[in-house]
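Following: one structure in structure tokens, then a few remarks.
The values are calculated or read from the model by the stated rules, or taken from the named source; none is laboratory data. Everything numeric here is computed off the predicted structure, so don't read it as measured data. Please note: Cβ atoms are built from the backbone with ideal geometry, for glycine as well, and neighbour counts cover all protein chains shown. Accessible surface is based on the protein model in full, side chains and every heavy atom, while ligands, DNA and RNA are left aside. Shrake-Rupley method; radii C 1.70, N 1.55, O 1.52, S 1.80 Å.
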Amino acid sequence: MTPRRGLSIMVWSCGPGEAEQAATPFVVAQAAALDGLEVEMLFSARSVHWLLAAEGATPIGFGPQRRPVSDYLRDCADAGVTIRACGQAMAALALDERALAPQCRGAGGTLAFVEHAQDPAWACLVF
């Protein structure tokens, strides 16, 4: 069995209306990175909303654990997680890469996600 070396996470189902669910992919990504895995997150569809610098103060999660999305982005980036926005989603929502939070490495990542899905050394999760 090939040991896991990476985790690729696609986030697409938790846009602006699902702030309670939006923290979970960040928590999983950070935990995997801290466990020594290479971690990449791809935000697609309405979930690219969470990568906008203007949304940094918006709290996500639920209960007393709610924190600003900028905290989750910072924590993941500090743990070494690569964060990208889907280019098609950005175009569909008429968003410019300059609007992204500094922790986001820009648009792209779909091809890498598909390649990771075929690589036995990578696990893939979709939120």
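Quick notes on this structure:
- The helix-based estimate of mean residue ellipticity at 222 nm for the chain, built from -39,500 (n - 2.57) per DSSP H run of four or more residues and divided by its residue count, is -9500 deg cm²/dmol to the nearest 500.
- Choice from LEU37, LEU93, LEU52 showing the highest fluctuation, given a GNM over the chain with Cα pairs closer than 10 Å: LEU93
- Sorting the segments 105-112, 81-88 by their mean number of nearby beta carbons within 10 angstrom, highest to lowest, gives 81-88, 105-112.
- As a size descriptor, the averaged projected area of the C-alpha convex hull of the chain was calculated at 7.3 nm².
- Taking all protein chains into account, the per residue accessible area for segment 1-118 stands at 52 Å² (1.4 Å probe).
- The value of relative contact order for the chain, using C-alpha pairs under 8 Å at least six residues apart, is 34 percent.
- Apportionment of accessible area to carbon and sulfur, the chain, percent (1.4 Å): 55 percent
- Beta bridge orientation in the chain: antiparallel %, DSSP, nearest 5: 15 percent
- Using R0 = 22 Å, the C-beta based FRET efficiency linking LEU125 and ALA54 works out to 0.25.
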